[in-house]
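Read the figures in this text as sums done on the coordinates, not as results from a lab. Just so it is clear, the structure is predicted and the values come from calculations on it, not from any experiment. Note: ideal-geometry Cβ built from the backbone for every residue, glycine included; neighbour counts use all protein chains shown.
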Amino acid sequence: MMALFVLFGLTVWGQEDHHGPRHGKKDKLTAEQRSELQTKKLTLALDLTESQQEQMQALLLKKEQDRDTRMAERKEMKEEENSEKLSSEKRYEKMNARLDAQIAHKKEIKNILSADQFEKWEKLVQHKRHRPKHHKRGKGKRSHTRKG
């Protein structure tokens, strides 16, 4: 009986916080760091000029700061004891505001990039939106079996 408790304890202890490199509390990148990395990735993908890089950096920094603000608001709402689900009207307002922000962002991007670069950027965005999400490991049955 004691062996079962020890075995169970080791099993639980061995599983703690081993769910991948992004699991757990890690140091998060600042909005400035994220926007700089995104700008560099876009520079490589779209061959941006120096001027375009500066404009994109400013635009992406603004977007990342807005993202941080929204996340803080969401976290604050979640922590409130009496947090209720949003009414349909409030949900509509939030969705409408988000779509307006996306439209404005797309217009600003279009003003910065050339026609060819904008076309490539749209393909990158579409590819990113439609790629499959990664599923958590260890759930369900494994599709392969070992022989031997």
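Restricting to the range 100-131, name every residue that is under 17 Å from Thr39 (Cβ atoms), free of Cβ contacts under 8 Å to residues at least 24 places away in the same chain and among the hydrophobic types (A, V, I, L, M, F, W, C). Phe118, Val125, listed by residue number. Taken together, the residues in the range 45-85 that are surrounded by fewer than 13 Cβ atoms within 10 Å (Cβ to Cβ) and of a type in the set (A, V, I, L, M, F, W, C) amount to 3. Answer with yes or no whether Leu99 is of a type outside the set (D, E, K, R), in a loop (DSSP other than H, G, I, E, B) and more than 21 Å from Thr43 (Cα to Cα). The answer is no for Leu99.
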